[in-house]
Amino acid sequence: MANTKKRFALALHGGAGAVAGRDYAVTEKHLGELARECESWLTDGRSALDVVEHAVYELETCGLYVAGRGSAPNSAGHVELDASIMDGRSRQAGAVAALRDFVSPVQVARGVMEKTPHVMLAGSGALEFARANGFSEVADPATYYSLPVGVTSDDIQDISHGTVGAVALDRSGGLAAATSTGGTFGKLHGRIGDTPLIGPGTWADDDIAISFTGTGEHIIRAGGATAIAFRYRSGVPLPEAIEETLGEIKRLGGDAGVIAVTSKGEIAMPYNSEGMKRASVSTDSTLTVATFS
Ligand code: ASP
């Protein structure tokens, strides 16, 4: 749909694993500032794809979320990272899974999209690609990775899922989505969740851009982002399209949260967990930052 009003819209999430009673002031401040920065990029006419990549890079490298720097080791004792990115207009997409020791998995995912004929590279293949293409490596993994601020090793189970994501509509009508995670705490070596999967974890087309967070196994089994996109395309209003999909995830035993923007400038950020760190802003709405309802 032509974006004749030159609208833009942005939503960010820092994971649906927020636990009632915890203080999220630091992450809320960070999400608010980042949303403002992305707002100025969109006002200046930057593409949705550049904006979501930049937003997720910032979320990966700040150490406040369970993605990039804030990720925790898997059951084998090392950090394995998943990320994906999708451009709605071209339907180009890129992803990495179980990537070790690169600073920004989302940048590598965009590299896969732009420099290979493939959508996803995993494990040692992703690592070789990232190295060959000069992406920044973590110099000292033993000191680089740190638990998100305010979290100790005693309570990491309580705060599982701190994945990050961004969705944007730009002034030319382009939509894009990106998601990045360190996965779930204590995951098995080689486990891959929804986040790097184009379809369940991340989706963008001409009508909608979506990023998921939550228990990946249930999100995958419910169809995740594409289940919302297909419902929306068939005429189901956005809130209902999301509610039906979140309801299915709940029935399967999981919990999750979603951020979505549409070509009409609609924004939705619902969740069925206790809370989800999130922020949004658009030409039609002021900055919103929240963790709980
Ligand atoms: N969905 C992510 C995964 O299953 C976890 C999260 O959202 O925090 O890997």
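The numbers here are math on the coordinates, done by the rules we state, and not lab data. Remember, predicted model here, so these are calculated numbers, not experimental data. So basically every Cβ, Gly included, is an ideal-geometry build from the backbone, and we count neighbours across all protein chains shown.
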In what sequence do Ser180, Ser280 fall when counting other Cβ within 10 Å, fewest first?
Ser280, Ser180
Apply the Debye scattering formula to the chain, with a single equal point scatterer on each alpha-carbon and no solvent, then give log10 I(q)/I(0) at q = 0.11, 0.15 Å⁻¹.
-0.54, -1.05
Scoring the stretch 176-293 by relative contact order with C-alpha pairs under 8 Å, at least six apart, yields a percentage of 19 percent
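Return the FRET efficiency for the residue pair Lys5, Glu33: r is the Cβ-Cβ distance, R0 is 30 Å, and the value is rounded to the nearest 0.05.
About 0.65, to the nearest 0.05.
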If unit charges are put on Cβ atoms (+1 for Lys and Arg, -1 for Asp and Glu) and the dipole of the stretch 182-293 is taken about its Cα centre, the option from Thr226, Leu197, Pro237 lying farthest towards the positive end turns out to be Leu197
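Which number gives the lysine pairs in the chain that have C-alpha atoms under 22 Å apart and are eight or more places apart or on different chains?
Close lysine pairs found across the chain: 5.
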Footprinting exposure proxy for Ser273, Ser234, Ser172 (fewest neighbouring C-beta atoms within 10 Å first):
Ser234, Ser172, Ser273
For the chain, with the dipole built from +1 on Lys and Arg beta-carbon atoms and -1 on Asp and Glu ones, taken about the Cα centre, which of Ala209, Ser84, His54 lies farthest toward the positive end?
Ala209
Gain in span if fully extended, Thr288 to Ser124, counting 0.36 nm per residue against the direct Cα distance:
55.1 nm
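As a footprinting exposure proxy, order Lys187, Lys277, Lys115 by other Cβ within 10 Å, with the fewest listed first.
Working: Lys187 20, Lys277 28, Lys115 12.
Exposure proxy ranking, most exposed first: Lys115, Lys187, Lys277.
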Helix-only mean residue ellipticity at 222 nm, the chain, DSSP H runs n ≥ 4 weighted -39,500 (n - 2.57), per residue, nearest 500. What is it?
-9000 deg cm²/dmol
Among Pro117, Pro141, Pro196, residue whose mean-square fluctuation peaks in a GNM of the chain (springs only between Cα atoms under 10 Å)
Pro117
Distance in Å, no decimals, from the C-alpha centre of the stretch 274-293 to the one of the stretch 227-244 is 20 Å
Stretched fully, the stretch from Thr43 through Arg221 gains (0.36 nm per residue minus C-alpha distance, one decimal, in nm) 60.3 nm
How far is the Cα center of the stretch 29-58 from the Cα center of the stretch 99-139, in Å?
22 Å
Taking the Cα centre of the chain as the origin, how large is its charge dipole in debye, to the nearest 20, when only Lys and Arg (+1) and Asp and Glu (-1) carry charge on their Cβ atoms?
500 debye
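Which FRET efficiency, nearest 0.05, do Ser75 and Glu244 yield, Cβ-Cβ r, R0 41 Å?
Once rounded, the FRET efficiency stands at 0.75.
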Rh (Kirkwood; distinct C-alpha pairs) - the stretch 155-267, Å:
14.1 Å
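Figure the gain on full extension for Ala20 and Thr61 (residue separation times 0.36 nm, minus the Cα-Cα span) and round it to one decimal in nm.
Numbers: separation 41, 0.36 × 41 = 14.76 nm, distance 2.53 nm.
Stretched out fully, the Ala20 to Thr61 stretch lengthens by 12.2 nm.
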